[in-house]
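**Q** I have a structure here, written as structure tokens, and I will follow up with some questions on it.
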Amino acid sequence: MKLVILGGPGSGKGTQAALLCRRLDILLVSTGEIFRRAIAAQTELGKKAQPYVEKGELVPDPIAIELIRDRLGQADTSRGWLLDGYPRTAFQAEELDFFLERTGERRPWAIYLETPEDVLLERCLNRRDKRLDDSPEFVRRRIQLFNERTIPILDYYDYCHQLVTVNGNQSSDMVLQEILAGIMVNK
Ligand code: AMP
């Protein structure tokens, strides 16, 4: 099974991604986590990504695309995977399909956690495990980028009948149940 999970900052996609991977026994790949770890370790990738990640901006497509290609080319991906935080732009979505096509694999299912903007903002500002990019200024910018760059991807997956939209504004248990039901119906 191959899945991507899409949602604004604070939509709970990180939480749902972890729950789903445990439940479905697939690999979790979180690009945000990979970038944060690379920044902490000051690797080549980390140094390139740092100015963007710290300000809530998107890391340029070529860097993100290369990262995901490298990661999905590794052997542990054969049991299926879920991408948390990728794709973020239409170009990334197309490149992902292109990459999968070349190895004869199908397009992934996309799960969208639909959540009102005021809820996204409130959750980011009040979360206990707050990150550097969770300040009001950067959260607003991340929401804006989500609307401008990531929302258009929904049409792309919808057009291919590969989209499951769930209500992200409910308990994480309910969200998980809705996602699982959506995936099972569409499988
Ligand atoms: P996240 O943990 O998914 O909220 O990602 C944290 C930050 O990592 C984002 O605000 C971006 O700066 C960067 N990032 C993560 N995934 C991507 C991606 N697919 N494309 C560009 N930037 C990304």
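**Q** If packing is taken as the mean number of other Cβ atoms within 10 Å per residue, what is the order of 141-149, 71-79, highest first? Write down the numbers at each step before the final one.
**A** Working: 141-149: 16.3, 71-79: 11.4.
Highest-to-lowest ranking by the protection proxy: 141-149, 71-79.
**Q** Using a Cα distance threshold of under 24 Å, what count of lysine pairs results for the chain when pairs must be 8 or more residues apart or interchain?
**A** Eligible lysine pairs with Cα atoms under 24 Å apart amount to 9.
**Q** Given C-alpha coordinates of the range 1-100, what is the ratio Rg to Rh with the Kirkwood estimate of Rh?
**A** Rounded to two decimals, Rg over Rh is 0.94.
**Q** Using the Cα centre of the range 2-185 as the reference point, and only Cβ charges (+1 on K/R, -1 on D/E), how large is the resulting charge dipole? Debye, rounded to the nearest 20.
**A** With only Lys, Arg, Asp and Glu charged at Cβ, the dipole is about 500 debye.
**Q** At a 1.4 Å probe radius, carbon and sulfur cover how many percent of the accessible area of the range 2-185?
**A** 51 percent
**Q** If you don't mind, another one. Using R₀ = 35 Å, calculate the FRET efficiency as 1/(1 + (r/R₀)^6) where r is the Cβ-Cβ separation of residue 183 and residue 147; round to 0.05. Each step should come with its number before you reach the end.
**A** On the way: r = 25 Å, r/R0 = 0.73.
Working from the Cβ atoms, E equals 0.85.
**Q** Please give the length that would be gained between residue 131 and residue 79 if that part of the chain were fully extended, namely 0.36 nm times their separation in residues minus their C-alpha to C-alpha distance (nm, one decimal). Walk me through the numbers before you get to the answer.
**A** Values: separation 52, 0.36 × 52 = 18.72 nm, distance 3.11 nm.
Result for the pair: 15.6 nm of gain on full extension.
**Q** Can you compute the helix-only [θ] at 222 nm over the chain? Use -39500 (n - 2.57) per DSSP H run of at least 4 residues, normalise by all residues, nearest 500 deg cm²/dmol.
**A** Here the helix-only value at 222 nm equals -16500 deg cm²/dmol.
**Q** Calculate, for the chain, the solvent-accessible area per residue in square angstrom, rolling a 1.4 angstrom probe over the heavy atoms of the protein chains.
**A** 53 Å²
**Q** Hey, what does the equivalent ellipsoid look like for the range 66-122, semi-axes from the Cα gyration tensor as sqrt of 5 times each eigenvalue, largest first, whole Å?
**A** Gyration-tensor ellipsoid for the range 66-122: 26, 13, 11 Å.
**Q** Quickly work out the residue 106-to-residue 37 label distance, labels modelled 7 Å from Cα along the C-beta direction, and quote it in nm with one decimal.
**A** In this crude label model, residue 37 to residue 106 measures out at 3.0 nm.
**Q** Along the Cα-to-C-beta direction of residue 98, a point sits 7 Å from the Cα; which residues of the range 21-62 have their amide N less than 15 Å from that point?
**A** Label zone hits: 61-62.
**Q** When the chain is fully extended, how far beyond the present Cα-Cα distance does residue 154 get from residue 122, taking 0.36 nm per residue of separation?
**A** Going from the current span to full extension adds 9.2 nm.
**Q** Could you check the spin-label model distance between residue 66 and residue 52? Points 7 Å from the Cα along Cα→Cβ, value in nm.
**A** With each label point 7 Å from Cα toward Cβ, the separation is 1.1 nm.
**Q** On the principal axes of its Cα set, how long, how wide and how thick is the chain? Give whole Å, largest value first.
**A** Here the Cα extents, ordered largest to smallest, are 39, 38, 28 Å.
The values are calculated or read from the model by the stated rules, or taken from the named source; none is laboratory data. Values in this document were obtained by computation on a predicted structure and should not be read as measured data. Heads up, the Cβs are rebuilt from the backbone with ideal geometry, glycines too, and the neighbour counts pull from every protein chain shown. Accessible surface is based on the protein model in full, side chains and every heavy atom, while ligands, DNA and RNA are left aside. Shrake-Rupley method; radii C 1.70, N 1.55, O 1.52, S 1.80 Å.
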